[in-house]
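Enquirer: Sharing a structure here in structure tokens format.
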Amino acid sequence: MTNWQKPLSAWLRHNAVVLLLYLLLTVAFTWPLVGNLGSNWLATHDTDTFVKLWDQWWLQHSQDTGQSLLYTTDLFYPHGLDLTFHSISWIVAPVGWLLTPLLGRIDAYNVTILWAVFSTATAAYILISYLLKNRVAAFMGGLVYGFAPYFIAHAGGHPDLVHLAPVPLSALLLLHTLRRDKPSPWLVVGTAVMLFVAALTSLYIMIFALLTSGPVFLFAAWEEKRWRTGRFWRTTLLIGGITAVLLSLRLWPIFTGSTALDDMIEAKFAADNRQTDLLALVTPSHLNPLFADMVKPISDTFIINEKWPAYLGIIPLLLMLVALARRQKRSEVVLWFCTAVMFLLLALGPVLRVGGTVYEDFAMPASYLLWFPPIRAVGRPDFFVLGLLLPLGILAAYGFDFLWQRASHSPRKTAWQAALLLAIPLILFELWNGPFPGIPATVHPFYHTLSQQAEQTAVIELPMGRQDSKHYLFNQLVHQKPMVEGLS
């Protein structure tokens, strides 16, 4: 084995049970996805799924037709469409494309959903294991991050939002690198590369990763007063410089069209009516059939969270309160609590919404940040719930770790720790988002007939409109003809 294979093999053996449990939970929380593999069943919670399937198809079709990856004449034919601002994931779509010959187009896409859930929970586990050296607490924190209802709901339509593994991994690499007396060049480059991976996965995830890295950087600078040393600033400049170069590869095509960029940001901006309802954070998901009858009258008032339940979990919130009360690792708890508050305030948007009622005279802190391009570009404040889940999972793990340590010093250690372990199934019970939605991936037989016609024709679908166009993109995967309409 090479130098890196040995520690990787040892880590896999050491954490095999955790990985197996995450895999089983991924199957359970996305069921019946695995049970429908091979049956032309498409896992979907939103019509944006059709756009993501189109992205996957486009990678091969652009090669077959000799078109640029960033421009297509197959949409808005014959003029075409500039895809510079299209929200394709340059990590997820290629993976689905590469798996298509092996699994078929639909199952290749479905497998990326399974990977999103499994890898996100595992990445959080890796970060928390570094912070706490408590695998049980880290496992529980990974559950909060990777299986929250809001995350699972978005997994069924927005892969550009839920492949969140780069966020905790970039935070881990940054913190570990800045803490070292002599940081390895590999760690410096690795930190920058992980932020680049976040950008390739999604510009949303890049923003979540950068916003998370900010408090981590400030903590590392303040811890042991590293900001006073030249070594700390040299490492910082190296990470920043390499990151800037790598990110420019992703962002340069966007920023060269600054006028179009401004138009795109404004077109997607919906902060005034797509903020997270404060009550939704503590209201169990109505998609969980066990809670549906109880909470449906409340969740029906949530507007945006009626479709995307933002429940954080009562047990994780209680464990967070326990973490705030502990004296050990107080500075680390403060770091993640401040990060959680930052994302919470961003998720609540510029105007407070509680139980469906908007309090227009109650200006939230986010209203003073809407000028900041990364914040404004996200467009929908509720997306920041995905950023909130990581610090919440970490704080819940800190609270669990504190109780676990207290139990280990008790004469009734076994009984207390067994009781604490009950928190894990209880968290899974309250976070479960119900059966994963899906549909038969079929289209009208006419489109199969159309695909057999050799002559070059274009298709006009009616009625026109953005939402209808998402379905038409799915039809295009079958008929393979240019469309007069489309969307980006």
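The values are calculated or read from the model by the stated rules, or taken from the named source; none is laboratory data. As the structure is a computational prediction, the values presented were derived from the model and not from experiment. A quick note on method: Cβ atoms are made from the backbone with ideal geometry, for glycine too, and the neighbour counts reach across all protein chains shown. Ligands, DNA and RNA are stripped out before the accessible areas are found, and what is left, the full protein with its side chains, is counted by its heavy atoms. Shrake-Rupley method; radii C 1.70, N 1.55, O 1.52, S 1.80 Å.
Enquirer: Of these, Leu386, Leu352, which one is touching a helix residue (DSSP H, G or I) at 6+ places or on another chain (Cβ under 8 Å), assigned to a helix (DSSP H, G or I) and open to solvent by less than 40 Å² (accessible area, probe 1.4 Å)?
Expert: Every option except Leu386 fails the conditions.
Enquirer: Another question, then. Quick check on Phe400: is it out of contact with any Lys or Arg (no Cβ under 8 Å at 6 or more places or on another chain), aromatic (Phe, Trp, Tyr) and either open to solvent by 50 Å² or more (accessible area, probe 1.4 Å) or assigned to a loop (DSSP other than H, G, I, E, B) (or both)?
Expert: no
Enquirer: Moving on. Can you find, within the stretch 260-282, the residue that is nearest to Tyr150 (Cα to Cα) among those that are of a type in the set (Gly, Ala, Ser) and surrounded by 13 or more Cβ atoms within 10 Å (Cβ to Cβ)?
Expert: Ala280
Enquirer: Ser410 is checked against (1) within 30 Å of Gln328 (Cβ to Cβ); (2) open to solvent by less than 60 Å² (accessible area, probe 1.4 Å); (3) part of a helix (DSSP H, G or I) and fails just one. What number does that condition carry?
Expert: (3)
Enquirer: Given the criteria surrounded by 13 or more Cβ atoms within 10 Å (Cβ to Cβ) and aromatic (Phe, Trp, Tyr), does Phe255 qualify?
Expert: no
Enquirer: So, in the stretch 439-458, of the ones that are of a type in the set (A, V, I, L, M) and within 24 Å of Asp46 (Cα to Cα), which residue ends up surrounded by the fewest Cβ atoms within 10 Å (Cβ to Cβ)?
Expert: This residue is Ile439.
Residue-wise test of (1) at negative phi; (2) of a type outside the set (Phe, Trp, Tyr); (3) out of contact with any strand residue (DSSP E or B) (no Cβ under 8 Å at 6 or more places or on another chain); (4) modelled with pLDDT under 95.
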position	(1), (2), (3), (4)
Gly146	yes, yes, yes, no
Phe151	yes, no, yes, no
Leu173	yes, yes, yes, no
Tyr204	yes, no, yes, yes
Ala209	yes, yes, yes, no
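Enquirer: Ok, one more. Here's a check for you: in the stretch 33-49, which residue that is buried (at least 18 other Cβ atoms within 10 Å of the Cβ) and among the β-branched types (Val, Ile, Thr) is nearest to Ala93 (Cα to Cα)?
Expert: Once the filter is applied, the top-ranked residue is Thr49.
Enquirer: Take the residues of the stretch 160-177 that are open to solvent by less than 10 Å² (accessible area, probe 1.4 Å) and of a type in the set (A, V, I, L, M, F, W, C): which is farthest from the chain's Cα centre (by Cα)?
Expert: Ranking the candidates gives Leu175 first.
Enquirer: Which condition from (1) within 24 Å of Pro94 (Cα to Cα); (2) surrounded by fewer than 19 Cβ atoms within 10 Å (Cβ to Cβ); (3) at pLDDT 95 or above is the one that Leu218 breaks?
Expert: All conditions are met except number (1).
Enquirer: Restricting attention to the stretch 320-331, and to residues there that are part of a helix (DSSP H, G or I) and more than 23 Å from the chain's Cα centre (by Cα), which single residue is surrounded by the most Cβ atoms within 10 Å (Cβ to Cβ)?
Expert: In this case the residue turns out to be Ala323.
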